[in-house]
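Here is the structure we will look at, set down as structure tokens.
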Amino acid sequence: VQRFLGPLLCLWALLLPAGGGAAARGLDVASYRERVRAMFYHAYEHYLESAFPYDELRPLTCDGQDTWGSFSLTLIDALDTLLILGNVSEFQRVVNVLQDGVDFDIDVNASVFETNIRVVGGLLSAHLLSRKAGVEVEAGWPCSGPLLRMAEEAARKLLPAFQTPTGMPYGTVNLLHGVNPGETPVTCTAGIGTFIVEFATLSHLTGDPVFEDVARKALKALWKNRSDIGLVGNHIDVITAKWVAQDAGIGAGVDSYFEYLVKGAILLQDKELMSMFLEYNKAIKNYTKFDDWYLWVQMYKGTVSMPVFQSLEAYWPGLQSLIGDVDNAMRTFLNYYTVWKQFGGLPEFYNIPQGYTVDKREGYPLRPELIESAMYLYRATRDPTLLELGRDAVESIEKISKVDCGFATIKDLRDHRLDNRMESFFLAETIKYLYLLFDPDNFMHNDGSDFDVVVTPYGECVLNAGGYIFNTEAHPIDPAALHCCRKRKEEQWEVEDLMREFYSRKKTKKFTLKRAPDHDEGENAKDSKDASSEKRNSKKSSHSLLSCPSQSFNSKLAVLGQVFLDNT
């Protein structure tokens with residue numbers, strides 16, 4: 001238990017109020033925050049004017065294009081960012097637009113991975129934030145609602161991809177017909193292991209265990225097929241479980257698998273997921289880490305295959321901070337920051353020995369990962385160097401990427417040539433993390449001192465107390481919400497036990513119905529099938545919702561949405 005809980009304590013540090021280190025270096029945080037806000041609206045308004053209802057804006061030609069499935073994707077991805085910036089009226093308007101205009105019953109081949117993180121994740125986050133945004137929610141929220149139903153509908157369209165002998169999903173699915181007969185069985189590791197955050201949230205809110213079940217099965221299949229030295233490759237055949245690309249690293253094709261082991265562990269209080277990540281972390285340090293850089297190695301031998309840094313790897317220091325490894329995180333972050341300073345952005349590939357870009361990988365599509373790590377690390381350390389990265393990012397993106405109709409992908413950091421694309425993650429992630437870096441008082445940084453008590457059909461529920469888990473598209477999930485929609489089942493078990501006791505006329509334990517029973521450590525979406533009588537009869541705390549001393553660790557997270565030290 002100590003091994004599992006100890007690393008998570010850093011999440012508490014991330015929620016602490018920011019210090020005054022920025023003032024010591026003369027950086028005007030409020031000014032940069034407003035510049036980031038202006039960047040958002042410059043991009044967002046031009047998307048609405050020139051590209052909606054297409055997925056993305058093409059900023060050089062001031063028009064739009066569909067990229068990931070014709071979902072008005074930028075609108076979904078930007079929705080929770082609107083609320084983080086404080087724009088409740090536009091949030092409410094967009095919710096209505098999405099309900100009326102988005103249809104998933106279409107003959108489109110969609111990426112299972114991208115649809116999950118952007119569409120399902122974006123809709124779930126917006127659903128859970130709806131009440132805070134002033135939306136008139138329906139009775140039963142957060143266990144029901146139009147955005148939740150949309151998220152569930154989108155996720156169900158992805159389920160046919162998981163129907164493989166291994167449980168690992170195909171990479172692409174047709175939203176109308178399922179998996180195409182000729183679909184390639186080769187999927188990247190991240191495309192298999194990046195579902196537990198969204199799918200477990202869906203299962204807990206809807207009561208349908210199928211989503212969490214398939215996500216867990218896919219995670220465990222990857223774990224089962226790791227090499228003898230503890231590494232996973234880049235691409236695998238989901239039918240035969242044979243590794244097709246055997247390069248092991250922390251970057252493209254693998255990245256969010258590791259991220260979701262940690263975030264899934266925190267979200268679900270799951271020791272097994274954290275244990276899996278910590279074992280991977282040992283192998284990663286042993287075989288891929290050199291002078292605080294992480295290289296690519298052969299997954300079976302551990303020999304270096306690519307001595308490169310990929311921009312997608314820049315999420316790693318933020319992930320390290322979540323497990324409490326802040327010192328190593330800062331050292332690696334500073335390595336990556338030197339690359340940013342060299343080019344005014346992170347090239348997709350950077351040759352570490354040569355200290356320069358890799359041919360045909362010189363671009364920077366306005367990715368968020370280094371800014372994401374800066375945000376996490378600043379919450380943990382208040383080191384002003386991290387704000388300086390934010391400042392540099394604002395200056396670089398505005399100088400190089402800003403055009404009349406938005407912000408354009410940088411095709412080549414060497415000569416600042418641009419490409420005619422603005423990916424939806426620019427508004428979902430890059431802008432959001434920049435804004436949160438410069439906004440220490442944002443409700444996303446809540447330390448638990450402020451919260452909402454919501455009455456649901458299952459009892460009272462405490463929400464919006466902080467501890468948000470960001471999915472890999474930066475859509476925040478309130479972990480407390482996962483415990484709002486479970487009481488009915490437990491009450492039914494208690495009633496069954498009471499009736500059994502009554503009819504047997506045996507003097508056994510005395511059971512009482514509680515308004516908000518605690519959730520035992522083994523609870524997950526399989527409870528409906530696997531829960532034993534012993535679990536159903538487990539003790540319930542007699543303390544009120546807001547008193548924590550005698551509650552289990554899981555319940556403390558459920559009550560206040562943040563991590564507490566369990567001294568029991």
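The values are calculated or read from the model by the stated rules, or taken from the named source; none is laboratory data. This one's a predicted model, so the numbers in the text were calculated from it and none came from an experiment. Heads up, the Cβs are rebuilt from the backbone with ideal geometry, glycines too, and the neighbour counts pull from every protein chain shown. All accessible areas refer to the heavy atoms of the entire protein, side chains included, with ligands and DNA or RNA removed. Shrake-Rupley method; radii C 1.70, N 1.55, O 1.52, S 1.80 Å.
Condition check ((1) farther than 18 Å from Thr240 by Cβ; (2) open to solvent by 30 Å² or more (accessible area, probe 1.4 Å); (3) touching a helix residue (DSSP H, G or I) at 6+ places or on another chain (Cβ under 7 Å)) across all residues:
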| residue | (1), (2), (3) |
| --- | --- |
| Gly145 | yes, no, yes |
| Glu153 | yes, yes, no |
| Leu158 | yes, no, yes |
| Pro169 | no, no, yes |
| Leu176 | yes, yes, no |
| Val179 | no, yes, yes |
| Thr187 | no, no, no |
| Gly207 | yes, yes, no |
| Ala218 | no, no, yes |
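Using beta carbons and a limit of 7 Å, which pairs, at least six apart or on different chains, have the first residue in region 85-109 and touching a residue at least 12 places away in the same chain (Cβ under 8 Å) and within 19 Å of Gly69 (Cα to Cα) and the second one acidic (Asp, Glu) and open to solvent by 40 Å² or more (accessible area, probe 1.4 Å)?
Final answer for the pair search is Phe104/Glu153.
Residue by residue through region 418-433, note down the ones that are of a type outside the set (D, E, K, R) and closer than 17 Å to Leu79 by Cβ.
Met422, Ser424, Phe425, Phe426, Leu427, Ala428, Thr430, Ile431, Tyr433 - these are the residues of region 418-433 that are of a type outside the set (D, E, K, R) and closer than 17 Å to Leu79 by Cβ.
Only one residue in Arg367, Arg331, Arg361 is open to solvent by 10 Å² or more (accessible area, probe 1.4 Å), assigned to a helix (DSSP H, G or I) and of a type in the set (Lys, Arg), so which one is that?
Only one candidate passes the filter, namely Arg331.
Given the conditions (1) open to solvent by 10 Å² or more (accessible area, probe 1.4 Å); (2) closer than 27 Å to Asp63 by Cα, and given that Ile352 satisfies all but one, which numbered condition is not satisfied?
(2)
For Gly251, all conditions in the list (1) more than 16 Å from Ala221 (Cβ to Cβ); (2) open to solvent by 10 Å² or more (accessible area, probe 1.4 Å); (3) not aliphatic (A, V, I, L, M) hold save one; what is the number of the exception?
Every condition holds for Gly251 apart from (2).
Only one of these is of a type in the set (D, E, K, R), at pLDDT 95 or above, open to solvent by 10 Å² or more (accessible area, probe 1.4 Å) and more than 24 Å from Leu57 (Cβ to Cβ): Asp415, Asp392. Name it.
None of the other options fit; the residue is Asp392.
Being within 21 Å of Val339 (Cα to Cα) and open to solvent by less than 30 Å² (accessible area, probe 1.4 Å) narrows it down to one residue among Pro317, Pro307; which is it?
Pro317
Please go through region 380-389 and pick out each residue that is assigned to a helix (DSSP H, G or I) and open to solvent by 10 Å² or more (accessible area, probe 1.4 Å).
Selection gives Ala380, Thr381, Pro384, Thr385, Glu388.
Kindly provide the set of residues from region 24-43 that are at pLDDT below 95 and in contact with a helix residue (DSSP H, G or I) (Cβ under 7 Å, 6 or more places away or on another chain), ordered by number.
Ala24, Arg25, Leu27
What number goes with the only condition from (1) crowded, with 24+ Cβ neighbours inside 10 Å; (2) closer than 18 Å to Arg379 by Cα that Gly406 does not pass?
Answer for Gly406: the failing condition is (2).
Out of all the residues in region 227-250, which are assigned to a loop (DSSP other than H, G, I, E, B) and hydrophobic (A, V, I, L, M, F, W, C)?
Ile229, Leu231, Val232, Val238, Ile239, Ala241, Ile250 - these are the residues of region 227-250 that are assigned to a loop (DSSP other than H, G, I, E, B) and hydrophobic (A, V, I, L, M, F, W, C).
With respect to Val297, determine if the residue is closer than 30 Å to Arg486 by Cα and either of a type in the set (Val, Ile, Thr) or not in a helix (DSSP H, G or I) (or both).
No.
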